[in-house]
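Student: Mind looking over this structure? Questions follow.
Each reported figure results from applying straightforward, stated rules to the coordinates on display, with no laboratory input. Here the structure is a predicted model, which means the values were calculated and not measured. Quick reminder, even Gly has a Cβ in these numbers, built from the backbone with ideal geometry, and neighbours come from all protein chains shown.
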Amino acid sequence: MVFGKKRKKAVRGLEGVVAAETALSFVDGQNGKLYYCGYDIDELAGKVCYEEVVHLLWFGELPDQKQLEDFRSELIAEMRLPNQVDELIRLSPPNANPMVVLRTALSALGMYDPDGGKNSEGANLRKAKRVLAQMVTIVSSLYRIRTGQPIVSADKGMNVAANFLYMFNGRTPGKLDRSVFDSVLVLHADHGLAASTFAARATVSTLAGIHSAICAALASLKGPLHGGANTRVMEMIEEIGGKDRVKAYIDGMLASGERIMGFGHRMYKTEDPRSRHLRKYSEKLCRRAGLEHLFEISQRIEEQVRRLKGICPNVDFYSATVQEALGIPKEYFTCIFSMARTAGWIAHVMEQFRDNRLIRPTSNYIGGFDKRFIPLEKRK
Ligand code: ACO
């Protein structure tokens, strides 16, 4: 077997490879900017609610007041889970990773969805609304069940962010919590061709449906090099325990070649714009919750990692203490990220469907040839 002389070298981690055209989000890694459909996220964070961004990503424009109210009502109306999925969550092992339960429950929802198996534009939009809404319920129900508390149904008078906090904690969230959590969802809503988004697009490029794509995305997001980093950040802060221990801890980690979770990014050569917002929220919420020490440890970690490695925090770093201060246990952090990113995953899936071609890259074969076949009974 002879290869052509011009065999291309594989691009490790597909760095710099353009694998899709998208009008959804743009990561300007040189200047530390992120745009959703042309809007700088610095313009959106703190000014729009999550549903407005979902509308922007799915329909290409921010909604007017009436469109927003209609869209919100449609989403809240879809939050209920089929009894079978409720039961599946109840039966999940108490120590199973919440991301595994979320992925499994979402996969099960595909079996009960009235539009399951249909891929028309109308069916996809109905499924999209259900998936986005039901993710909120899966995460909050799982927490309620595991903590021995009754499941709380969505309140039609609240938006998606407030409903999550309400269904999770069982009480109406205060103004600051609502607005910060809404911003957290907004800041996580989309991010170009992240590993999970690529997984979703590759999955639907085979004409598999939305539920399959979101399961693939969830599987990818779970990993600690992607969305799973936020839980690891909180574990690290707890392990450090006090701001005076930061230097020794970070120096030791880096000296032994370990990665510091919540730092570095394939795209950003400068600060991740999302972390600027999250740092601010973290400081505010930690102070209010009497958790200043967590914010101080975080700041010291940031200073030390910047000093020694010259790398900046990514979205997962300060989102950890923001969620901690909101009373969300760390094992649920990546689920919150998933709920938010479902907006982007679905937008990408719909974009892929509109101009689909099977995503099927190639590989360089580096194995051998001309091996002599030995029948099973003669192999040693
Ligand atoms: N801690 C220590 N060193 C780091 C870190 C880190 N967090 N991130 C990158 N580096 C170093 C690497 O060791 C490497 O150094 P070297 O060239 O001396 O070997 C260099 O920076 C480049 O690293 P790569 O792994 O090639 O960068 P890549 O673009 O492939 O990785 C990634 C990006 C996976 C995010 C990486 O920065 C990392 O592992 N971060 C920690 C995990 C994390 O926070 N993930 C969440 C990312 S954001 C998100 O997905 C939502």
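Student: Under 5 Å between amide H atoms, partner at least 5 residues away or on a different chain: which partners does residue 263 have, H built in plane at 1.01 Å?
Tutor: HN-HN under 5 Å from residue 263: 314.
Student: Something else about it: Defining a contact as two alpha carbons under 8 Å apart and six or more residues distant in sequence, what relative contact order in percent does the stretch 101-196 show?
Tutor: Rounded, it is 18 percent for the stretch 101-196.
Student: Under a cut-off of 17 Å between alpha-carbon atoms, report the lysines in cross-link reach of residue 247, not counting same-chain residues fewer than 8 places apart.
Tutor: 309
Student: Rule-of-thumb check for the stretch 167-301: C-alpha Rg over 2.2 N^0.38 Å?
Tutor: In units of the globular-protein estimate, the stretch 167-301 measures up at 1.24.
Student: Follow-up question, since we're still on this one. Between rounded, prolate and oblate, where does the stretch 1-116 land on the alpha carbon gyration tensor, with a ≥ b ≥ c its root eigenvalues, rounded for a/c under 1.5, else prolate if a/b exceeds b/c? Walk me through the intermediate numbers first.
Tutor: Working: a/c = 2.33, a/b = 1.21, b/c = 1.92.
The shape class here is oblate.
Student: Set the Förster distance to 45 Å, then compute FRET efficiency between residue 176 and residue 235 from the Cβ-Cβ distance, nearest 0.05.
Tutor: That pair, residue 176 with residue 235, gives E of 0.95.
Student: In addition: Compare the peptides 199-207, 185-193, 94-102 by average per-residue count of other Cβ atoms within 10 angstrom and give them in order, highest first.
Tutor: 185-193, 199-207, 94-102
Student: Using amide H atoms built 1.01 Å from N in the peptide plane, name the residues 5+ places from residue 33, or on other chains, whose amide H lies under 5 Å from its own.
Tutor: HN-HN under 5 Å from residue 33: 28.
Student: Which of the peptides 310-319, 296-305, 338-347 is most tightly packed, and how do the rest follow, judged by the mean count of other Cβ atoms within 10 Å per residue?
Tutor: For the peptides 310-319, 296-305, 338-347, the packing ranking is 338-347, 310-319, 296-305.
Student: Can you give me the relative contact order of the chain as a percent, contacts being Cα pairs under 8 Å and 6 or more apart?
Tutor: It rounds to 23 percent for the chain.
Student: Now for a separate question. Kindly flag which residue pairs out of 33/269; 66/156; 66/175 have an alpha-carbon separation exceeding 18 Å in this structure.
Tutor: Working: 33/269 11 Å; 66/156 16 Å; 66/175 23 Å.
Pairs exceeding 18 Å: 66/175.
Student: What FRET efficiency comes out for the pair residue 307/residue 287, r = Cβ-Cβ distance, R0 = 22 Å, nearest 0.05?
Tutor: 0.30
Student: Give a residue-ordered list of calculated ³J(HN,Hα) values for the stretch 161-169 (Karplus: 6.51 cos²θ - 1.76 cosθ + 1.60, θ = phi - 60°; whole Hz; x for Gly, Pro).
Tutor: 4, 5, 4, 4, 4, 5, 6, 7, 8
Student: What ranking, highest mean first, results for peptides 354-365, 276-287 when packing means the other Cβ atoms within 10 Å averaged over each residue?
Tutor: 276-287, 354-365
Student: Another question, then. Counting each pair of different Cα atoms once, what's the Kirkwood radius of the stretch 220-296 in Å, rounded to one decimal?
Tutor: Here the Kirkwood hydrodynamic radius works out to 13.9 Å.
Student: Apply the a/c threshold of 1.5 to the C-alpha gyration tensor of the stretch 319-380 and tell me whether it is rounded, prolate or oblate.
Tutor: Because a/c hits 1.5 or more and a/b fails to exceed b/c, the stretch 319-380 counts as oblate.
Student: How big is the gap, in Å, between the Cα center of the stretch 162-201 and the Cα center of the stretch 270-306?
Tutor: If you average the Cα positions of each part, the centres end up 18 Å apart.
Student: Based on DSSP H runs of at least 4 residues, each adding -39500 (n - 2.57), what is the mean residue ellipticity at 222 nm of the chain after dividing by all its residues, to the nearest 500 deg cm²/dmol?
Tutor: Helix-only estimate at 222 nm: -17500 deg cm²/dmol.
Student: Next question, about the same structure. Taking just the alpha carbons, could you work out the radius of gyration and Dmax for the chain, both in angstroms?
Tutor: 22.1, 75
Student: OK, next. For the stretch 223-268 and the stretch 327-361, what is the separation of their Cα centres, given in Å?
Tutor: Answer, in whole Å: 25.
Student: In nm, to one decimal, how far is the residue 74 label point from the residue 379 one, both placed 7 Å along Cα→Cβ?
Tutor: Inter-label distance under the simple model: 5.5 nm.
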